Structure formats: structure tokens, C-alpha cells
Amino acid sequence: ARRQQRIGGSQRAVSARAALAHYFQISRTQEPAAGSVPHLGPTTVVRDNQEHSPDEVVEVSNSDSSSSAEEEEEEVEADAPPLPSAQETPPAVSSGDLGIFTYHASTVIYYQRVTPPKKLEPSVPVAPLEEEEGDTCAICFEQWTNAGDHRLSALRCGHLFGYTCIDRWLRGQAGKCPQCNKKAKRSDIVILYARTLKALDTSEQERMRSSLEKEQMLRRQAELESAQSRLQLQVLTDECSKLRKQVQELKALVAQHNASASQHPGGSRTCLPSSLPSSQSQRKYHLEKVFLVSQTGNCRVMAYCDSLSCLVVSQPSPQSTLIPGCGVKMMSVANLKSSQYIPIHSKQIRGLAFGTRADGLLLSAALDSTLKLTSLATNTVVQTYNAGRPVWSCCWCLDDTNYVYAGLVNGSIMIYDLRDTNSHVQELVPQKSRCPMVSLSYLPRMASASLPYGGILAGSLEGACFWEQKDGISYRPHHLPLEPGGCIDIQTEIHTRHCLATYRPGKNNPCVRCVMMELTCNPLTEASGDVVCSSNPVQTFTAGPTCKLLTKNAIFQSPEEDGSVFVCAGDEASNSALLWDAGSGSLLQKLSADLPVLDICPLEVNQTHLLATLTEKMVNIYKWQ
């Protein structure tokens, strides 16, 4: 009977399913009629779960056992929510979740379409076109970055730009925002640090750029060090070649000495006067050009630059009211034309000298206690040294052009290094008297049988001293045996190692005398390597009886290049310059002038030998022909 009742109830539920399905097909916004929902008595509700199929029908029958039915009804009433009344709006029912209730006698059927839950996928926001355009700078249309120069920045108006773009815009434009034209200035730029802002990450790029710049800096440093090393190698190579040449010359001299000693066994080496060849030429010096240097006079010394073919002469300023002091006047020997005046010192110039440098630096000494270097390329003073005392003479070091020497009024010699622009590096103090240093000459090292050493030949009013250069700037003095007192000038001939000392008239000698001497050296002891430098008189030349000025004479090789040596000295008595042949001692020529000759300078340009003589106002140029 129960089985039949269940079958009958099942059939009734199926027949009523279609009618109730049509009844519940209502709109969400449609309100049901007041009596559309019948009153439900005690019902039994079966909840759907994931174990039922989508179209499963669950029916509950009222069995004859009252106890089981009552227990089930009590459990359902306790758990089920209250049903809506006729006045309340039923909950919206979607088409996908349609529930059908069937009421029949003691059977309640709940029908629900169960849909499987959809798997949630991570939502990827799709940026519209406006947002994509908002990720780029409105000036350069490039993406912003969160690091570097193009990082995100904003103005007070709120518009976003790259930092470099807006900074450049506000520098060059009229101080307005590129988008809204509101007034803006560079101080309004604010760098943004937004966490959720989409920006191009360029930190790796910036790191790589920093690494690249570091590598480039290291490469440049390595190239600089390589260039310095190559330069040092070139300098050392030249020095090695020079030393190798000197060694070969010394070996030749030793071989020659051994050959002469073998021919004269038992003979001793003596310092006898050397024999110089006499000049056999018939040519003479002829006056070529006369330059007027200063109308007021007071010209003192001159020097010749071989690399520039330029002769410079000291003179007072031609416009003393505007440019007081003293300077030099340049003269071109190539075309025999005078050039401009260069102001240098505030007092009289006592010494001028050119070295072997190709840049044409002029070294000048003056009574204003300064030693100056002047560039003839720019006609300006490039370096000034304050000696503290009046400077009477100066010269260059011919072995190292970085050193210059200055002779002071107290007889001291200041050594200056051109690489040190502050002060002197060493001072050579006189051993005996402290008379003014009237002349300075440098003898370079060379393979000479008489004197192979280099050093400074210093002449004062009381005598002469040869400062032998040992190592670097270490010097050893050698006093030369000159006549006491009366020495006004000492000049040297570096190739033949001869010097010319000029003496003023005295009690024993009423005339001006020019004594040519040969510089020699003898070993101090047989065991030690130290030597004693001395001088031997070779020839004496006599001039007039008058000597009121401190003139400078000259000793030089003959223009004929036959090995003979010429000596030229000024004669105040006849206002001329006297030229002698050092080998024979005969007077070759008398070069007349309008005033006493103060300085003499032999020079050569374009294989033409010239001789310049200086008076207080004029320069006479003589040509050998």
C-alpha cells in the first residue's frame, strides 16, 4: 500500500510540475497577486547540495508511522526560514535558479536547477586608449620612468610630464603649462613617487649607463697614463742616445791619448797653451744696416734667438709717461727690419739670454730685483721670479732647459727651476768676495780633452769661479787663477773650451786687456775621480787706455769654419770694435761706430754670418763677405 501511495504521489507531482513551472515564470519586477501564494501548512524542506544532479526531484512522503513524520516535521520547522506572507513580495527568482514547490496532501516536492559554480579567473584590466595615452609624457610622447632624468613630475596644476621635458619647456617658453597654459615656473616642478603608477622601470638601464661612464673614465685614464709612459720612454731614449754618443767620443779621446803616449814614452801631461789655426781668409765684415733703437740712449745689452731669427735689444720705454720702465725692442735679422717694443722691467736691464728651446723664451735680469721669462710669440711676460736683490746677469742651462741662473749684486748665484714658479731651488754662495756677478756663462758637457765637464763660469769684479755640475743640482766650485781685481767681463766659447777675460787699465797695465784662456782639468788624486779645474792663458789682446763702462766682448769661431777663433772687443777710446785672430793675435779689422760699443753679438741666418755691435742708441749690422 505504501508503494502504491508513493507511486501515486509521484505521478501527481509530475502532473503538477508543468502548471507550477508556468506559474512561477514571472518577471522580477512583477508583484504577485494577493492570493497567488497559498497558505502552506507544516512542510518538509529538503536543501539542495552539490550531491544532487541539476534536474533532481526530491519527494518526501508522509508514512503511516506518525513518530517518524512528526520528528521530521519538527526538524524542518526548526531549520527552515519563515515563508513570506501574501502581502510581501516574493524574492526575485532568476531563470537559471527556478524553484518549483508542489503541494499534494502530505507530500512536498522542491525542485531546483542546480548550476555548477563558475571558476573565477584573475581579472586583467584592459586600459582604454585614454589611459594608455596618460602613461606618456605630453611633450616628448615617451613613457615616464621611475628613475633617471625622465622620471615622473607634476606641476601645481596637476598635469604630469617627464622631468627633463618640463624643465626644458619652462626654461625656453613663457612660463606656462603645455596643456592648460596656466602660469608655472621651474620651482613648481614636483617629482612624484606613486606606488600604483605605471612607469617604465629604467633602474637597470641607469645602472648600466653608470657602469658605462665608469668604464669610459677608466679607459681615458688608462690612455692618459699610456701617453705619459710613451713620452717618458721617448725622453729616456733621447737621453740614452746622448749618453751613448758621449761615451763613444770619450772612447775616441782615450784611444787618441793612448796613441800619443805610446809615441812619447816616459812623458808627462802638461797644460801648455793650445795652438789655434790662423785665419787665411781675405774676406771681412762690411756694414750692412744701422738701426736706431732709442733717441734718449741708455741701451745696454742684446741677445739673438736662432730659432726665430730675431735680435732683441734692451732699451728704456719710448713712452715713459704712459709705460714707464724698460723693455726690449725686436729686430728681424732675416729682412733687417725693426719690430715692436715689449715692456718687461721697471728698472734697467742688465742681462738677456736665449736658451736652446724652440719656443723663443727670453730670459732677462734687471736691477728691479726680478728675473723674468718673456714669450716672443705672444710678446708677454709669462713668469717672474723675485730674487730679493738686484740681478746683474743671467744664463740658461744648456744641458737641461728647465733650469736658469741669475747672478746677484752680492755675488750669489740663484738657481731656478721653471717647473717651480714660487722661488729658487738652490743658492750658490760665493767663497771669497761678495762683488756683483757681472757675467754668467754655461758650459755644457761634451767630449773635450781639456774640460769634459759641464758647469757655470761666473765672473765677478774680483775674479772668476767655475761651478762644476756633479749630479742634478749639485755643484762644486773651482776658483780660476785670474789677475786680482779689474775684471769687468768673462765670455766663453763652448766648442773649443776657451774663455775671454777683460781687464780694465791699472797701474801695471795702462790699457784695456783681453786675455784668452783655455779651461783645463787635472785629477785631484790618482785614486779618486775628483778633478781640479783651472785656466791657462793663451793669447792677450790690447785695446785703448779708456774703460769707463762695463762692456761685454765676444769670442766665437771664424765664419770661415776653418777652426780658427775670433775675438772682438769694444774700444772706448776710438768708439769702435776691434776684431782679432786668436790664433795669430793679429788685428784683423776695426769696426767704427758713433759711440762706445757696449755689447757685441755674432749671429748666423740663412748661412749668412753677421756681426752686431750695440751702442747707447744704435745697432750696427756687419756682414761677412
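The values are calculated or read from the model by the stated rules, or taken from the named source; none is laboratory data. Because the structure is predicted, anything quoted here is derived from the model rather than measured. In this analysis, Cβ positions are derived from the backbone assuming ideal geometry, glycine residues included, and neighbour counts consider all displayed protein chains. In case anyone asks, the SASA skips ligands and DNA or RNA and just uses the protein heavy atoms, side chains included. Shrake-Rupley method; radii C 1.70, N 1.55, O 1.52, S 1.80 Å.
Quick notes
- Rounded if a/c under 1.5, otherwise prolate or oblate - region 553-622, Cα gyration tensor axes: oblate
- Seen from residue 483, the other residues with C-beta closer than 13 Å to its C-beta sum to a net charge of +2, counting Lys and Arg as +1 and Asp and Glu as -1.
- Loop-located GluC sites (Glu not before Pro) in region 521-625 (DSSP state other than H, G, I, E, B) with a sparse environment of at most 16 neighbouring Cβ atoms within 10 Å: 526, 560, 561.
- 27 Å Cα-Cα reach of residue 245 towards lysines, excluding residues that sit fewer than 8 places from it in its own chain: 470
- Cβ-placed point charges (K, R +1; D, E -1), dipole of region 285-624 about Cα centre in debye, nearest 20: 980
- Subset of 242/284; 507/548; 242/372; 329/372; 289/548 violating a 25 Å alpha-carbon distance limit: 242/284; 242/372; 289/548
- Where region 285-624 is the region considered: accessible area per residue in Å², 1.4 Å probe: 40
- Selection from 352, 395, 384, by position along the positive dipole direction of region 336-463 (Cβ): 352
- Accessible-area composition of region 459-518, carbon plus sulfur, in percent [1.4 Å probe]: 50
- Sum of side-chain charges, residue 336 neighbourhood, beta-carbon under 15 Å (Lys, Arg +1; Asp, Glu -1): +2
- Simple rule: put +1 on each Lys or Arg Cβ and -1 on each Asp or Glu Cβ in region 134-197, find the dipole, and look at 150, 170, 193; the Cα lying farthest toward the positive end is 170.
- Along its three principal directions, the equivalent ellipsoid of region 285-624 from the Cα gyration tensor extends over semi-axes of 28, 25, 19 Å, largest first.
- Length-normalised contact order for region 546-594 - Cα pairs under 8 Å, 6+ apart - percent: 27
- C-alpha center-to-center spacing [region 544-580, region 302-341] in angstrom: 23
- Projecting the Cα atoms of 531, 521, 459 onto the dipole axis of region 431-540, where Lys and Arg carry +1 and Asp and Glu carry -1 at the beta carbon, places 459 farthest toward the positive end.
- Computed about its Cα centre, the charge dipole of region 134-197 is approximately 360 debye, with only Lys, Arg, Asp and Glu carrying charge at their Cβ.
- Count Lys and Arg as plus one, Asp and Glu as minus one, and take only other residues whose Cβ is under 13 Å from that of residue 539; the net charge is then -2.
- Overall, the accessible surface of region 134-197 at a probe of 1.4 angstrom is composed of carbon and sulfur to the extent of 46 percent.
- Ranked packing of 380-389, 309-318, 145-154, most packed first, by mean Cβ within 10 Å: 309-318, 145-154, 380-389
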